[in-house]
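Working notes, structure below.
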């Protein structure tokens, strides 16, 4: 089983976490299964960007993103070339190092109200 290392995130995973993940399961489900409560406002239907992650290692082991995912990622807060929607990216055979961005588009909107 491949390993996922989650880099520290002040609110969701302050100390970071490393765990084994099942191949073919979404990164989002893998995180949720390990108690890392990543936001997923659209219930994992590829309709928002709240589950945006940055895949610092192992990015090329993931299946290519769909056109729908790419269109949504264009609106993600803190987009990088290594960005994916965790609800769409399935764990492959290689170790992944995941960064959960500090902000999501929802957080940014709420902070400006």
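Summary value for the chain: 36 percent relative contact order, contacts being C-alpha pairs under 8 angstrom separated by 6+ residues. Rg and Dmax, both from the Cα atoms of the chain and both in Å, are 12.9, 44.
Residues 85, 79 in ascending order of nearby Cβ atoms (within 10 Å, fewest first): 79, 85. Here 46, 13, 87 are placed in order of increasing Cβ neighbour count within 10 Å, fewest first, which gives 46, 13, 87. In the chain, helical runs assigned H by DSSP with n ≥ 4 each contribute -39500 (n - 2.57); averaged across all residues and rounded to the nearest 500, the mean residue ellipticity at 222 nm is -4500 deg cm²/dmol.
Can you give the alpha-carbon Rg of segment 10-55 over 2.2 N^0.38 Å, where N counts its residues?
Working: Rg = 10.9 Å, N = 46, 2.2 N^0.38 = 9.4 Å.
Output field value: 1.16.
Residues 26, 83, ranked from the fewest to the most other C-beta atoms within 10 Å, line up as 26, 83.
Each reported figure results from applying straightforward, stated rules to the coordinates on display, with no laboratory input. Bear in mind that the values here come from a model prediction, so they are computed numbers and not experimental data. Positions of Cβ are generated from backbone atoms using ideal geometry, with glycine treated the same way; all protein chains shown enter the neighbour counts.
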